[in-house]
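Read the structure below first, then the notes.
The values are calculated or read from the model by the stated rules, or taken from the named source; none is laboratory data. A quick note: this is a predicted structure, and the numbers were derived from the prediction, not measured. Cβ sites come from the backbone with ideal geometry, for glycine too, and all protein chains shown count toward neighbours. SASA here: full protein model, heavy atoms, side chains in, ligands and nucleic acids out. Shrake-Rupley method; radii C 1.70, N 1.55, O 1.52, S 1.80 Å.
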Amino acid sequence: MLKVENILKKQHYALFGHSATKICRWTKKSLVDEDFCYKEKFYGIKSHLCCQMTPWLSCQNECIHCWRPIELNFKKLKVIKIEDPKKIISSCIVSQKRLLTGFGGNSRINKKKFKEAQEPRHFAISLIGEPTLYPKLSELIKELRKQGKTSFLVTNGLLPEKLKELHEKNALPTQLYISLNYPNEKIFRKFTKNEGKDSWKKLNKSLSLLSQLPTRRVIRITLVKRLNAEDKMLKDYAKLIKKASPDFVEVKSYMAVGFSRKRLGYERMLSHEEVKEYAKKLLEVLDKYKFLDEKKESRVVLIGKDKSKRRIKEEKF
Ligand code: SF4
C-alpha cells in the first residue's frame, strides 16, 4: 500500500477508493456539549449531524496554509476505478458510525445527540483534495439531496466547467463555496504553488459563473499574515467579490493546525480582532454588504447582503 494511505489511516481517515471521511473536531465537541462549529452558528447546520468527507483525495493546488499533508504527493495515488456515488455515501456513514463507536463510551457524551449522530444529515464536502475532480460529483450531490441531506461543497474554482455541469444537471449543493485566498495572480501562484498556465483565468471564470448559480453562494477568504492580508490588497479582493456576487463572504484567519504548522506556524495567524478589522476595511470598499456575525474561537467574521437569508431552513435537518 502506498505511504499516503498509511499516513491518512494513522490520522483516523477512513478511506474508500479515492474518497475519505474523518470525524470533525467540532462534531466531537458538539457531542459532549462543549461547542459547535461556526457554520452551525452562522447557517444553522448541526455539527453533531455532520459528515466531513471528500470524494477525491488529490488536488491541483499545494496551498501553503493547508492543514492536510500536501507534502505527500497525492497526485501519485493511482485511481483504480471511479467509485459509485451511492457507495461513497454509504461508506461514509458506515465509517462515521465506526469512528464514533469509541466515543460512545465517553461519560460526558450527550446521549440524544450521539444517537442522532449515527445518521449524519449534513455532508461537508471539504475534507481534503478537490471534490470537483470527482467525475460523478453531480450524481453524488443529487443522491445526498434524495436522501434528505444537506451539502456544503468547497471548491478551489479551477474547474468552471464542472460548476456549469452541476447547474445544468440540477445538482448544485445546498451551499457552494469558492476559496479566494488571493487578491491577484501573483499571490495566487505564491499561495497555491499552482503553475497551470490558465489557472488564474479559470478561477476568474468560476467567480463570474458563481454570480449566476441558483443556490447559496459563499466566498471564503483565509488570511495569512505577511502574505495575503495587506490593506493595499482590499480593492482587488473587492473587485473579485463583486464579480462573484456571493450571498456571504467568510473572512477568517489561517489556523496553525496539522501539517501547515511546518510551513507557516502560529505567528502567521491573525487575532480575531485583526480579522474583524480587515473585514471592516473590506466592507468600506464593498457596497451592498454588511457585517452579519462572528465566532471568536474560529477567528472568523461573516459579511453578507441579507441577514434574513443566513439560516438554512430547520426542516432540512
Ligand atoms: S461543517 Fe465543517 S467544521 Fe462544521 S462540523 Fe462539519 S466538517 Fe466540522
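Side notes on the structure shown:
- Residue tally, condition farther than 21 Å from F36 by Cα, part of a loop (DSSP other than H, G, I, E, B) and charged (D, E, K, R), over region 254-302: 2
- Of everything in region 270-282 that is surrounded by 19 or more Cβ atoms within 10 Å (Cβ to Cβ) and out of contact with any helix residue (DSSP H, G or I) (no Cβ under 6 Å at 6 or more places or on another chain), the residue that is farthest from I221 (Cα to Cα) is L270.
- Test for L8: is it more than 10 Å from the ligand (Cβ to nearest atom), free of Cβ contacts under 8 Å to residues at least 60 places away in the same chain, surrounded by fewer than 23 Cβ atoms within 10 Å (Cβ to Cβ) and not in a loop (DSSP other than H, G, I, E, B): no
- Residue pairs whose Cβ atoms lie under 9 Å apart, sitting 6 or more positions apart in sequence or on different chains, and linking a residue in region 42-53 that is more than 22 Å from I88 (Cβ to Cβ) to a partner that is assigned to a helix (DSSP H, G or I) and open to solvent by 10 Å² or more (accessible area, probe 1.4 Å), are G44/E314; G44/K316.
- Residue list for region 32-55, filter: among the aliphatic types (A, V, I, L, M) and near the ligand (Cβ under 8 Å from one of its atoms): I45
- Only listed residue being surrounded by fewer than 16 Cβ atoms within 10 Å (Cβ to Cβ), hydrophobic (A, V, I, L, M, F, W, C), modelled with pLDDT of 95 or more and away from the ligand (no atom under 11 Å from the Cβ), chosen from V94, V79: V94
- Search result, residues across region 133-155 that are open to solvent by 10 Å² or more (accessible area, probe 1.4 Å) and assigned to a loop (DSSP other than H, G, I, E, B): P135, K136, Q147, G148, K149
- Only listed residue being more than 24 Å from R145 (Cα to Cα) and in a loop (DSSP other than H, G, I, E, B), chosen from L227, L203, L240, L213: L227
- Scanning region 116-132 for residues that are open to solvent by 10 Å² or more (accessible area, probe 1.4 Å) and within 14 Å of the ligand (Cβ to nearest atom) turns up E116, R121, A124, S126.
- Test: residue in region 172-184 that is assigned to a helix (DSSP H, G or I) and at negative phi: no
- Count - residues of region 11-31 that are touching an Asp or Glu at 6+ places or on another chain (Cβ under 9 Å) and more than 11 Å from the ligand (Cβ to nearest atom): 6
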